[in-house]
1. Tally time: how many residues in region 264-317 are in contact with a strand residue (DSSP E or B) (Cβ under 9 Å, 6 or more places away or on another chain) and within 14 Å of N170 (Cβ to Cβ)?
2. For region 239-276, how many residues are in a helix (DSSP H, G or I) and of a type in the set (S, T, N, Q)?
3. If I go through region 586-597 residue by residue, how many of them are part of a loop (DSSP other than H, G, I, E, B) and surrounded by fewer than 17 Cβ atoms within 10 Å (Cβ to Cβ)?
4. For a quick check of your reading of the model, give me the residue pairs whose first member lies in region 330-342 and is touching a residue at least 40 places away in the same chain (Cβ under 8 Å) and in the same structural domain as I309 (by TED's automatic domain parsing), whose second is among the aromatic types (F, W, Y) and crowded, with 22+ Cβ neighbours inside 10 Å, with beta-carbon atoms closer than 9 Å and at least 6 apart or on different chains.
5. Go through the residues of region 187-203 one by one and say whether even a single one is at pLDDT 90 or above and hydrophobic (A, V, I, L, M, F, W, C).
6. Given A556, A583, A569, which one is exposed (fewer than 15 other Cβ atoms within 10 Å of the Cβ), aliphatic (A, V, I, L, M) and either at pLDDT below 95 or under 24 Å from A393 (Cα atoms) (or both)?
7. I need a count of the residues in region 48-86 that are among the polar types (S, T, N, Q) and crowded, with 17+ Cβ neighbours inside 10 Å.
8. State whether one or more residues within region 254-271 are surrounded by fewer than 16 Cβ atoms within 10 Å (Cβ to Cβ) and of a type in the set (A, V, I, L, M, F, W, C).
Amino acid sequence: MTTTSNLPFSPSSAPLGAHGAPICRHETASVLLRRNDNLRRPRAFINAGEIKDESGKAVTAELQDGTEHTPDNSEARFTKLVTGNAQWYWPEEPEGEHLIGFDTVSEQRRFAPGHYLDEGVDLTVIQGERKAKAIHLPPPVIINLRESAPAAADLLTDEQLDYFRANGNNALIYVHGYNVPHGEWGRFLNRKASQKRYGGHGPGPKNAWHPNNATVWQDTEALSDHTYAPLQDEDVNGAGAHSWAIHMEYQLNRAAGFDGKDWTPYSRIINISWPGNTGATDFMQAELNAMTSGRRLAPLLVQLADVGIAINLISHSLGARVALTALNILGTIGKTSMVDHLFLWQPAVADNALTNDSSRDVHPLGLGVFPSAHSAVRKIVVLHSRGDGILGAGKDKESAWWQKALLRSSPAALIATTAWNLANSEDATDDVLGYFRGAYDKKWWTFPSFLDNGFGPAIEELYKDYLPLTFKAQMTAYPQLSEHVPEALKRTVKANWDRLEQDILAEADALWQPCIDCLRNGERPPEYTLLAPLNHRASVSPQVAKDYVLRLKKLAVNDWFPELPPRPALGYVGFKEVTRKDASGFDEFIEQLLDDEKFFPVDQSKWLFSHSGMRIPSHEVFKRSFMDEIIEPILKEGVGFGSY
């Protein structure tokens with residue numbers, strides 16, 4: 001807590017007229033408490049908590065009967081308080097709002113969120129009426145795209161829009177990556193109660209917690225000084241998408257100039273929670289979920305742009321597919337330069353994903369490139385690293401000697417060892433799939449079978465009502481060509497394909513125009529079901545649907561195993577492979593936009609050595625990535641970040 005005074009002297013806290021008199025002889029007075037947010041806007045009191053005066057009596061407040069954020073509704077009057085020292089306790093019910101300041105005529109106090117919960121805020125009740133102001137940080141903003149919900153749930157409320165208008169008239173959106181559950185908020189440690197238990201006066205060595213959700217970053221190491229054992233980050237900073245929200249928001253504010261002490265400049269961001277946690281290896285299903293989520297994200301971008309709020313967008317890992325889907329859809333319908341800066345951080349998409357030529361797509365189902373995404377953004381920054389052991393081989397390109405020996409002597413033993421690692425890893429994606437020298441470039445694998453990965457699981461789940469679509473005879477390497485396949489099975493497979501093709505074409509025909517109409521009106525477009533792998537398109541014409549069926553059949557002939565490997569990940573190689581004129585993947589369009597500095601690559605290979613190294617960044621990642629490559633361009637050449 002920091003305290004400043006506007007007076008050249010330190011005022012006495014002794015109430016006038018008391019001078020040591022018994023409490024029963026003290027005069028009574030009142031406190032008028034006003035409530036603002038950190039943008040100085042009045043916030044309505046629903047529950048003003050209570051003041052405990054010097055007699056120990058708890059007094060609640062008289063409130064205006066209204067929930068609108070007007071000056072009148074932001075006032076709470078506490079009456080019949082005994083003059084002298086008192087404490088104000090903010091109620092525990094409000095979710096996500098944190099007290100960060102308390103001002104009187106003589107003092108300005110600033111709090112780190114949660115620091116006042118143990119003792120309450122000291123307040124001196126004086127004769128007449130004491131006036132004070134409580135300053136609160138607004139609640140966080142999370143858009144949950146994991147569950148079915150009305151279209152309005154994917155948009156900001158009027159109150160949230162007003163916040164971003166007032167806070168610099170800009171909004172920063174963050175989209176997390178693959179294998180991140182929804183999670184929950186952290187908690188505030190009850191330091192007073194924890195210390196008592198630590199001293200042996202409680203039932204046992206156990207931490208005590210306040211019931212409030214902690215929606216801001218806390219220093220786990222510093223808090224561990226008040227506990228019987230070191231705290232884990234998820235104890236205080238939450239888990240899953242909530243943890244990413246807290247960490248990214250805090251680091252972005254810090255990079256913009258937040259000093260960690262005075263929270264009044266602190267800016268909230270918009271966090272997108274999407275269902276990327278499909279399991280450690282079911283990458284194809286996660287890609288389908290990402291495009292469905294991107295389809296739902298598009299109206300939020302339109303909403304912000306329509307009311308004049310400038311947009312910056314940051315995605316991590318497979319979150320790039322969510323962001324690029326939304327932008328590709330909006331670019332297709334002519335929504336140009338809606339986003340000021342797009343930062344693709346370790347993007348788990350193909351290195352040619354930003355081409356404008358869909359014929360360069362090597363994905364078997366045609367979902368590898370986003371040809372119109374570039375037009376919906378003013379500038380795209382790609383932060384990539386050769387140190388990323390998930391998107392590529394990482395720095396350590398050589399296997400350990402024992403791994404090589406095991407592979408030479410017994411491939412089955414190597415597979416069994418990897419399975420054991422998978423079962424015993426805290427983060428299967430980062431710790432185990434990196435064992436195969438990168439997970440991304442093996443996302444289409446059907447080997448080893450225990451991983452249940454590749455195209456098969458996702459496609460068979462998508463078309464489960466049309467199975468079987470392949471011949472599962474095991475006599476040959478290509479069962480579909482086996483003369484031993486029963487005639488009845490052949491007829492069944494053919495009938496299923498005829499039915500699936502008919503239904504796919506019917507879906508394309510039914511949704512083609514409604515998708516365009518909804519998007520032009522800023523509404524959520526219908527989601528494709530049978531055509532889910534093409535959800536990154538604004539709409540799917542009947543001709544595109546026919547081409548998709550042909551692609552699907554070709555993949556089925558090979559038992560869902562593609563003929564070509566995926567292109568390298570953009571988050572691993574950057575644009576290197578697509579700008580080499582001697583390479584087969586050379587892309588003139590990408591090279592031109594690099595020359596124009598609309599595409600801007602940042603090679604982090606010298607300081608970022610893990611796929612998720614930005615969540616809890618090293619000093620160098622913070623300085624060179626957060627400060628130099630993200631916040632500095634936003635502040636100097638872009639639309640700004642909050643009120644910084």
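1. 13
2. Residues in region 239-276 being in a helix (DSSP H, G or I) and of a type in the set (S, T, N, Q): 3 in total.
3. The total comes to 3.
4. G331/F370
5. So far as region 187-203 goes, yes, one or more of its residues are at pLDDT 90 or above and hydrophobic (A, V, I, L, M, F, W, C).
6. On the way: A556 fails: exposed (fewer than 15 other Cβ atoms within 10 Å of the Cβ); A569 fails: exposed (fewer than 15 other Cβ atoms within 10 Å of the Cβ).
When all the criteria are applied, what remains is A583.
7. 3
8. Checking region 254-271: not a single residue is surrounded by fewer than 16 Cβ atoms within 10 Å (Cβ to Cβ) and of a type in the set (A, V, I, L, M, F, W, C).
The values are calculated or read from the model by the stated rules, or taken from the named source; none is laboratory data. Source: prediction; values computed, not measured. Glycine also receives a Cβ, built like all others from the backbone with ideal geometry; neighbour counts cover every protein chain displayed.
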